[in-house]
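Below is one structure, written out as structure tokens; comments come after it.
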Amino acid sequence: MIEYFLIFLFMLFTLWLGSKIVVKAGYPKLMVLFLLIPLVNIIMIWFFAFSKWSTLKSDINQIT
């Protein structure tokens, strides 16, 4: 039973961290729910890694 509680806590912690990243990237906070869907979560990580973040300053060169 304690294992399920720890897994739930880890999932909440991961979603909380993901929501911080999503907000800093300039996307809606609810996009973090894609982390719960298998295979979609991997696609979304690639999307965040290679998309232009709208909240970055314009003088920063972003890799495209």
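Any residue at all in the range 39-58 that's in contact (Cβ under 8 Å) with a residue 24 or more places away in the chain and over 13 Å from the mean Cα position of the chain (by Cα)?
Going residue by residue through the range 39-58, those that are in contact (Cβ under 8 Å) with a residue 24 or more places away in the chain are 48, 51, 53-55.
Then keep just the ones that are over 13 Å from the mean Cα position of the chain (by Cα); that gives 54-55.
Among the residues of the range 39-58, at least one is in contact (Cβ under 8 Å) with a residue 24 or more places away in the chain and over 13 Å from the mean Cα position of the chain (by Cα), which makes the answer yes.
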Q.
Looking at the range 16-37, I want the residues that are buried (at least 17 other Cβ atoms within 10 Å of the Cβ) and have a partner that is not in a helix (DSSP H, G or I) with Cβ atoms under 8 Å, at least 6 apart or on another chain. Which pairs are those?
A. V22/P28
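Read the figures in this text as sums done on the coordinates, not as results from a lab. As the structure is a computational prediction, the values presented were derived from the model and not from experiment. Please note: Cβ atoms are built from the backbone with ideal geometry, for glycine as well, and neighbour counts cover all protein chains shown.
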